[in-house]
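One structure below.
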Amino acid sequence: MLPKPKKSLGQNFLVGANLNKKIVEACRIKNDETVIEIGPGKGALTGLIAEKAKYTYAVEIDKELSERLCMNFIGNTKVKIILADFLNIDLNRYLPCGVKTKIIGNIPYYITTPIIEKLLKHSERISWVYLTVQKEYARRICAEPGCKEYGSLSCFVRYYAKPKIEFYIKSGSFYPKPKVDSALISLQMHSKPPVELKDRERFFALIRSAFAQKRKTLKNNLKSVLPQQTICSFLEKTGLGPKARAEELSLQNFADLANL
């Protein structure tokens, strides 16, 4: 009998063979690729991934599940089970130089942002990321300028990758059943940043300030960061108008403003 899901680890296991196949098919794994799976749990996806990938590293924090996975894949030289907290491992150890790796994971909702931040910091050695996340979180990541969900998270992700919602997943597809629906998102890493920056840290700091209070105008949110004359001149040149809010600005707009 398999261990029960642990609430402390945010475990919600995928159920249904058809859904698992659909997820793996969406990941478009090639036979020469290395895949890192975050949170394999009971191994519902792991076996399907291993059938397609050249090598699979499955990182599992739960000792009981890790031991069972090791037994399930004993003798399989293409699969390595790693007992560890993904947020604490040295990811460079498992990202081969000169070869870009795919990341796949059914991850705990409460650590979605730290996991994505860690992956984006290694974007130069990752080709694609596929994660199951909360439906509303997926919409925030993939939001376009002008959408109410568009925010600093959307901009942060878009600097490193092209996000997409592959498909939505009903809450009943997990055990235990969460209170909200989910989505499988993909992040295709950029080969180079989509905008040119003089100072990347300033760029991200500017975006955080711009979205600090979404109901306020850009001028009000940035008044302690940039001179009002600079902001007004920028808004006039871009045709956004004096009452523009942060959600109206594209990534290029933010880059242009930061470079001023």
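Just so you know, all these numbers are worked out from the coordinates, no wet-lab data involved. Every value quoted in this text rests on a predicted model; they were computed, and no experiment measured them. All Cβ positions, glycine included, derive from the backbone under ideal geometry; neighbour counts span all protein chains shown.
A Förster radius of 25 Å combined with the Cβ-Cβ distance from Asn31 to His122 puts the calculated FRET efficiency at roughly 0.60. Applying 1/(1 + (r/R0)^6) with r as the Cβ-Cβ distance of Val99 and Ile165 and R0 = 22 angstrom yields a FRET efficiency of 0.20. Within the set Lys121/Lys237; Lys121/Lys162; Lys22/Lys192; Lys170/Lys192, which residue pairs have Cα atoms separated by over 24 Å? Beyond 24 Å between Cα atoms: Lys121/Lys237; Lys22/Lys192; Lys170/Lys192.
Its DSSP H runs of at least 4 residues, each contributing -39,500 (n - 2.57), put the calculated 222 nm mean residue ellipticity of the chain at -9500 deg cm²/dmol, to the nearest 500. Taking the fewest neighbouring Cβ atoms within 10 Å as the starting point, the ordered list for Leu91, Leu260, Leu69 is Leu260, Leu91, Leu69.
The charge dipole of the chain, taken about its Cα centre with unit charges on the Cβ of Lys, Arg, Asp and Glu (plus for the first two, minus for the last two), comes to roughly 460 debye.
Taking a straight Cα-Cα cut-off under 14 Å and skipping sequence neighbours fewer than 8 places away in the same chain, the aspartates and glutamates within cross-link reach of Lys52 are Glu25, Asp32, Glu33, Glu37. Separation of the range 24-68 from the range 130-165 is 25 Å, based on Cα centroids. On full extension, the segment bounded by Ala17 and Lys52 gains 11.0 nm, given 0.36 nm per residue less the C-alpha separation.
For Lys63, a cut-off of 15 angstrom between C-alpha atoms picks up these aspartates and glutamates, skipping any fewer than 8 places away in its own chain: Asp85. Once the C-beta distance of Ser233 and Ser191 is scaled by a Förster radius of 41 Å, the resulting FRET efficiency is 0.75 to the nearest 0.05. Placing dummy labels 7 Å off each Cα toward the beta-carbon, the span from Ala212 to Asn88 is 3.5 nm.
Of all DSSP beta bridges confined to the chain, the antiparallel ones make up roughly 45%. Between the alpha-carbon centres of the range 93-122 and the range 198-217 there is a gap of 25 Å. Of [x] 62, 40, 35; [y] 50, 45, 37; [z] 67, 42, 28, which one was derived for Cα extents along the principal axes in Å from the structure shown? Given [x] 62, 40, 35; [y] 50, 45, 37; [z] 67, 42, 28, the structure-derived one carries the label [z].
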